[in-house]
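A.B. asks: Sending over a structure as C-alpha cells; questions will come in a sec.
The values are calculated or read from the model by the stated rules, or taken from the named source; none is laboratory data. Here the structure is a predicted model, which is why all the values come from computation and not from measurement. Quick reminder, even Gly has a Cβ in these numbers, built from the backbone with ideal geometry, and neighbours come from all protein chains shown. The area values use the complete protein model at the heavy-atom level, side chains included, leaving out ligands, DNA and RNA. Shrake-Rupley method; radii C 1.70, N 1.55, O 1.52, S 1.80 Å.
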Amino acid sequence: MGVAVIGGGLAGLAAAIRLRERGWDDFLVLERGDRVGGTWRDNDYPGAACDVPSHLYSYSFAPNPRWTRSFSARAEIQRYIEDVAARYRLRERHLFDCEVLSATWLDDAARWELKTSRGSITADILVGAFGALCEPALPDIEGIASFAGPIFPSARWNHDVDLTGRRVAVIGTGASAVQIVPAIADRVGRLEVYQRTAPWILPRLERRYTAPERFAFRHVPGYQRLARNAIFWMHEAQAVGLARVPRMLKPVELLARAKLRREVRDPALRRRLTPDYTVGCKRILLSNDYLPVFNRPNVRLITDDITEVRGNAIVTADGTVHETDAIVLATGFRVTDSPTYQIIFGRYGRSLQDVFDDVGRQCYKGTAISGFPNMFLLVGPNTGLGHNSMIYMIEAQVNYLMDAVATVRRNGYRTVEVRREAQERYSRTLQRKLARSVWNTGGCTSWYLDKHGANTTMWPGFSFEFRRMTRSFDADAFHCRPAPGSTSRDTGQ
Ligand code: NAP
C-alpha cells in the first residue's frame with residue numbers, strides 16, 4: 001500500500017479525493033464506522049447543526065447548490081458528505097468497520113505497519129485524519145459510572161432511550177448543549193441544565209433559502225462562488241479580534257448582552273447566564289432558542305457544582321439531591337489528549353502521546369512531527385479556528401500533503417521527516433503569536449489549552465495565511481532520505 005489514511009471524515013475524504021485525482025490509487029482509507037462522515041456521522045443528537053454557513057462549510061471543489069438553509073442541519077451535511085464520496089467513486093478505497101489498533105514505524109523497512117480489527121496493512125505513508133472532535137470527554141464525577149438510569153455522551157446519542165415526559169439532566173453548556181437543550185425541552189418532563197461556565201451567545205442568522213435563490217445557486221454562473229467568498233471574508237475579518245486585538249471584541253460582547261436581556265426575563269437568572277470572561281475566549285455560540293428555553297417552567301439552570309452522582313440522582317454542592325431519569329453528557333471531546341496518540345509509534349517505539357508529554361503538542365504546520373517519518377496529520381495541533389470553516393483548513397493541509405507525496409515520488413525519497421529545529425522554531429513563533437490572542441488572555445479555561453496551559457489547538461491568524469503557508473511542501477524543513485541505490489540527494493545530513 002502506498003498511502004494509508006486513518007479516518008473517513010471530511011479530512012480523510014478530502015485526502016482520498018485528491019489522491020484519486022492525481023491518479024495515485026494505491027491508497028486505503030481505514031474507517032472504524034460503517035460510513036463516511038466522521039464527527040457528522042457520530043453527532044446525531046437532537047438539534048445537531050452547523051454554526052458555519054452551508055456555502056462555506058463545504059468543499060471548494062464540490063459546491064452544493066441544493067443547500068436548503070443558510071446553516072445546515074446535521075442530516076443535510078451527512079448527506080452531502082456521502083454524496084461527494086459517491087460522486088468520486090471512493091467506496092472501494094474505504095475499509096469500513098476497520099478500527100486501527102496500532103500504527104508502528106518500522107525503521108529498517110521504512111514503512112508503517114498498521115494492525116487493525118480487519119488484519120495488518122503496511123504503507124509507505126501514513127495520513128492521520130482521525131479528527132479532533134471525535135472521542136467524547138467523559139466527566140470525572142464520583143459515582144457517575146453507577147448512575148441508575150440511561151447515561152450517554154451527546155456524540156453517542158442513545159436513540160433507544162425515549163426521553164418523553166422524563167426528568168432529564170444535560171451536563172455542559174457548550175456548542176453541543178445549546179443545540180440539544182432547546183431541541184428536547186418541549187418533550188421531556190423536566191430538564192435540568194448543569195452549567196459550570198456560561199457561554200457567550202450571539203444570534204444565529206439562519207433562514208431557509210428561497211426557490212429563486214436556489215435556482216440562482218444552480219444556474220447563474222459565479223453566483224454561488226460569490227456567496228461563498230462573501231461569507232468567507234465576513235468570517236475572516238473576525239480573526240483580527242480573536243487572534244490579535246481582543247479589545248475589538250467589545251461590540252460583540254454588547255450585542256450578546258443585549259440579546260440576553262431581550263431573551264431572559266428574570267434578572268437573577270440573567271446574571272447566572274452572564275459569562276465572566278472576554279467574549280471569544282471560549283467558542284462563541286450561535287443560537288436563537290437556547291436562552292429563551294430558560295423561561296419555560298419545566299427547564300432549570302443549575303449552577304452549583306456537581307459533587308456526586310448517587311443512585312438515580314445528581315447531588316450538587318448546596319446539598320440538593322436532583323432525582324434524574326436520564327443524563328446527557330454534553331461535556332466535549334478529548335482534543336489535546338486524543339486516545340489515538342497512544343497507538344501511533346514512531347522512531348524508537350515512542351508513542352505520539354509520549355512525545356507530546358515530553359515536548360508538548362508540537363507539530364510543524366499542524367501536519368508533521370519529528371520522530372514520525374512519512375506521517376502527515378490533518379486537523380493536527382494548532383489548526384483550529386474560532387472564526388471560519390475548518391474545511392478551508394483541511395483543504396490547505398491536503399494541498400501540502402499532496403505536494404509532499406509528489407516530492408517523495410518525484411525524487412525517489414524513502415523517508416521524509418521534519419527537522420526538529422524547524423519544528424521547534426515553528427512552535428515558538430506560533431506560541432508567541434498566540435500569547436496575545438483572546439484564547440490565551442480572555443480569562444477562561446477551554447479545550448483549546450492543554451494540561452500545561454499551552455494553546456496547542458488554535459491557529460493564531462487569518463485562515464488564508466495558513467493556506468499560503470501550506471501551498472507547497474518545503475523540503476528544506478525536512479530530512480529527505482533517498483532510497484538505497486537512488487541518485488537523489490539526501491538532504492538529511
Ligand atoms: P465543549 O465546548 O467542550 O463544552 C463542554 C461543556 O461541558 C462545557 O460547558 C464544560 O464546562 C462542560 N463540562 C465539561 N466537563 C464538565 C464537568 N465535569 N462538570 C460540569 N460541566 C462540565 O463541548 P461541545 O459542546 O461538544 O463542543 C465542542 C466543540 O465541537 C465546539 O467548540 C465546536 O468546535 C464543535 N461543535 C460544533 C458545532 C457546530 O455547530 N459546528 C456543534 C457542536 C460542537 P466548562 O466550560 O466549564 O469547561
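A.B. asks: Of all residues in the range 34-59, which are charged (D, E, K, R) and either without any contact (Cβ under 8 Å) to a residue 60 or more places away in the chain or farther than 25 Å from Ala103 by Cβ (or both)?
C.D. replies: Result: Arg41, Asp44, Asp51.
A.B. asks: Next question, about the same structure. Specify which of the listed residues (Tyr209, Tyr223, Tyr290) is hydroxyl-bearing (Ser, Thr, Tyr), within 23 Å of the chain's Cα centre (by Cα) and either under 24 Å from Arg66 (Cα atoms) or surrounded by 14 or more Cβ atoms within 10 Å (Cβ to Cβ) (or both).
C.D. replies: None of the other options fit; the residue is Tyr290.
A.B. asks: Then there's this: Tell me, please, whether a residue that is in a strand (DSSP E or B), among the aliphatic types (A, V, I, L, M), at pLDDT 95 or above and surrounded by fewer than 14 Cβ atoms within 10 Å (Cβ to Cβ) can be found in the range 100-123.
C.D. replies: yes
A.B. asks: Could you check Cys134 against (1) of a type in the set (A, V, I, L, M, F, W, C); (2) modelled with pLDDT of 95 or more; (3) surrounded by 19 or more Cβ atoms within 10 Å (Cβ to Cβ) and say which number it fails?
C.D. replies: It is condition (2) that Cys134 fails.
A.B. asks: Regarding the range 20-33, can at least one residue be identified that is surrounded by fewer than 24 Cβ atoms within 10 Å (Cβ to Cβ), over 30 Å from Leu101 (Cα atoms) and at pLDDT 95 or above?
C.D. replies: no
A.B. asks: Could you go through the range 48-56 and let me know if any residue there is of a type in the set (Asp, Glu) and either surrounded by fewer than 16 Cβ atoms within 10 Å (Cβ to Cβ) or in a loop (DSSP other than H, G, I, E, B) (or both).
C.D. replies: Taking every residue of the range 48-56 in turn, at least one turns out to be of a type in the set (Asp, Glu) and either surrounded by fewer than 16 Cβ atoms within 10 Å (Cβ to Cβ) or in a loop (DSSP other than H, G, I, E, B) (or both).
A.B. asks: Another question, then. With the condition kept exactly as written, say whether any residue in the range 414-430 is within 16 Å of the ligand (Cβ to nearest atom) and assigned to a helix (DSSP H, G or I).
C.D. replies: no
A.B. asks: Just for the range 137-162: of the residues that are in a helix (DSSP H, G or I) and either exposed (fewer than 13 other Cβ atoms within 10 Å of the Cβ) or on the phi > 0 side of the Ramachandran plot (or both), which one is farthest from the ligand (Cβ to nearest atom)?
C.D. replies: The selected residue is Ser146.
A.B. asks: Here's a check for you: in the range 73-88, which residue that is free of Cβ contacts under 8 Å to residues at least 60 places away in the same chain and in contact with a helix residue (DSSP H, G or I) (Cβ under 8 Å, 6 or more places away or on another chain) is surrounded by the most Cβ atoms within 10 Å (Cβ to Cβ)?
C.D. replies: Ile77
A.B. asks: Follow-up question, since we're still on this one. Does any residue of the range 307-321 turn out to be farther than 21 Å from Ser176 by Cβ, more than 16 Å from the ligand (Cβ to nearest atom) and either buried (at least 17 other Cβ atoms within 10 Å of the Cβ) or among the aliphatic types (A, V, I, L, M) (or both)?
C.D. replies: Checked the range 307-321: at least one residue is farther than 21 Å from Ser176 by Cβ, more than 16 Å from the ligand (Cβ to nearest atom) and either buried (at least 17 other Cβ atoms within 10 Å of the Cβ) or among the aliphatic types (A, V, I, L, M) (or both).
A.B. asks: Please enumerate the residues belonging to the range 278-295 that are under 27 Å from Ser437 (Cβ atoms), in contact with a Lys or Arg (Cβ under 6 Å, 6 or more places away or on another chain) and assigned to a loop (DSSP other than H, G, I, E, B).
C.D. replies: Ser287
A.B. asks: Could you list, in sequence order, the residues of the range 462-486 that are over 19 Å from Leu378 (Cβ atoms), assigned to a loop (DSSP other than H, G, I, E, B) and touching a residue at least 40 places away in the same chain (Cβ under 8 Å)?
C.D. replies: Those that are over 19 Å from Leu378 (Cβ atoms), assigned to a loop (DSSP other than H, G, I, E, B) and touching a residue at least 40 places away in the same chain (Cβ under 8 Å): Phe462, Ala483, Pro484, Ser486.
A.B. asks: So which residues in the range 183-207 are more than 12 Å from the ligand (Cβ to nearest atom), of a type outside the set (A, V, I, L, M, F, W, C) and either within 13 Å of Leu286 (Cα to Cα) or in contact with a Pro (Cβ under 7 Å, 6 or more places away or on another chain) (or both)?
C.D. replies: Answer for the range 183-207, where residues must be more than 12 Å from the ligand (Cβ to nearest atom), of a type outside the set (A, V, I, L, M, F, W, C) and either within 13 Å of Leu286 (Cα to Cα) or in contact with a Pro (Cβ under 7 Å, 6 or more places away or on another chain) (or both): just Pro203.
A.B. asks: What are the residues in the range 177-197 that are out of contact with any strand residue (DSSP E or B) (no Cβ under 9 Å at 6 or more places or on another chain) and assigned to a loop (DSSP other than H, G, I, E, B), if any?
C.D. replies: Asp186, Arg187, Thr197
A.B. asks: Only one of Ile369, Ile344 is touching a strand residue (DSSP E or B) at 6+ places or on another chain (Cβ under 6 Å), open to solvent by less than 10 Å² (accessible area, probe 1.4 Å) and touching a residue at least 12 places away in the same chain (Cβ under 8 Å); which?
C.D. replies: Ile344
A.B. asks: Filtering the range 246-267 down to residues that are modelled with pLDDT of 95 or more and outside any helix (DSSP H, G or I), which residue is surrounded by the most Cβ atoms within 10 Å (Cβ to Cβ)?
C.D. replies: Val264
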